[in-house]
Amino acid sequence: MSNINSDNNKDKLQKLNFGLDILENGQIGTYYSELFNNETNKLLYSSPVTNTISFKNKLVFISDIPNYLDTIKSNDSKEIKLKKINTYQGSFINLSKYNTIEDYLINEISTKERSEIRRRQKRLDNCIKPVYKMYYGSISKKEYDIIFNDYRQMLLRRLEQKQSYWEELDYWKDRYATTFNLINEKKACIYVIYHNDTPISIYINSVYDKIIFNEVVAYDIDYSRFNIGILIFIKIVEWAINNDFDLIDMSKGDFSYKERFRNGTYTFQNHIIYDTNNINASIKAKALILKLNIIYIVLPWLKKLKLNKLNTLYKRIKNRHVFKEFSSQPEIIIETEKLLAIDNFNNLKLINPNNDDYTCLKKPIIDFAFLNVEFIDEIMVYMDINNKEFYLKGANSFQKIVIK
């Protein structure tokens, strides 16, 4: 009976993701005999041994292969067919022509954009005095757990703000379970911007050879004035250049920052590999090829009609429980007033704004620091004991805050 079941399972569809199942798990040689980076003209993998049994009586579907990575299937048999289907557009930055981050910015970014990046970076350094850290090759479990917990909270809070949903939440547990070992094996890296000991922006990336694959970015929305999502991205580009990486793969997605910072595009592909000698595998493969061709013709039209937003809305409603912590918080109205000075301290009490009772003050204080170029840890916060009014005192500026 077991032999019959084994035979019946031979032509069943085997689904794999190129990055997660093949690159991260070191399985290139099982499916491909050669991997060549056309953008950097670099051979990434080659094997003189041809795998003759991997595809025998099988149907294999491999998703999300960047077409700048030229692949040759790991089988020279004429009966084993490989069909490549184009899917989405991706973006990348080819770093091979740059020696410094300044080289990149001058050649790829407009003067106005460079000026804005430098302005916000200077504000962040002056107002927050952050610590920048890349975890690559080594991370403690304690640091890792803090980063992943904060990354999820930042993501949830941002999506609640946008009233949106991102499928990354579906894979959070899997990513948490695997990324710790991948970092220590130099197959992944995490860049973190800290304010004191607290992460305020986190970027998770996969690594293969000298390619960085951008995966997930999250940031504390209270620091949005600094445009911190862009600043952490530039920091990764700088780190990659300084560490002799060849390319940053920005993946898919229609985001404006990708158009602004990329210097090339590519096409994702799905690969269908099947044994033509197996009738069932061959029929299923051809049906799958037809189905996928139709899907990727129709999808752009659905996107133009914005029907993809209905799918996002459905997923958000289905998973609304994950946003409970943030959606249940009462709406707070905050009014601010710039002052020339604080005239009367008689009814004012100096408070610690990091106390949980004053979380509503966090963003107004950060905004005050940004607008007035004040070092946030030296801002003094006073509460009027008679009402819900607060006063901020910086080195050169003052502000009144009213909570309603």
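The values are calculated or read from the model by the stated rules, or taken from the named source; none is laboratory data. What you see is a predicted model; the values in this text were computed from it and never measured. Ideal geometry is used to build each Cβ from the backbone, glycine not excepted, and the neighbour counts take in all protein chains shown. The accessibility values were calculated without ligands, DNA or RNA, using every heavy atom of the protein model including side chains. Shrake-Rupley method; radii C 1.70, N 1.55, O 1.52, S 1.80 Å.
Key figures
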read-out: Selection within region 65-77 - surrounded by fewer than 19 Cβ atoms within 10 Å (Cβ to Cβ) and either charged (D, E, K, R) or closer than 16 Å to N278 by Cα (or both); value: D70, D76, S77
read-out: Condition check for D254: in a loop (DSSP other than H, G, I, E, B) and either over 14 Å from N94 (Cα atoms) or touching a helix residue (DSSP H, G or I) at 6+ places or on another chain (Cβ under 8 Å) (or both); value: yes
read-out: Top-ranked residue in region 35-56 [being crowded, with 16+ Cβ neighbours inside 10 Å and either among the aliphatic types (A, V, I, L, M) or more than 28 Å from the chain's Cα centre (by Cα) (or both); ranked as farthest from N205 (Cα to Cα)]; value: K56
read-out: Any hit, region 282-301, residues being open to solvent by 60 Å² or more (accessible area, probe 1.4 Å) and assigned to a loop (DSSP other than H, G, I, E, B); value: no
read-out: Evaluation of K141 against (1) surrounded by 14 or more Cβ atoms within 10 Å (Cβ to Cβ); (2) more than 29 Å from A369 (Cα to Cα) (one fails), failing number; value: (1)
read-out: Region 88-114: number of residues that are open to solvent by less than 70 Å² (accessible area, probe 1.4 Å) and either out of contact with any Ser or Thr (no Cβ under 7 Å at 6 or more places or on another chain) or more than 30 Å from I295 (Cα to Cα) (or both); value: 15
read-out: Test: residue in region 308-321 that is closer than 30 Å to L82 by Cα and either surrounded by 13 or more Cβ atoms within 10 Å (Cβ to Cβ) or at pLDDT 90 or above (or both); value: no
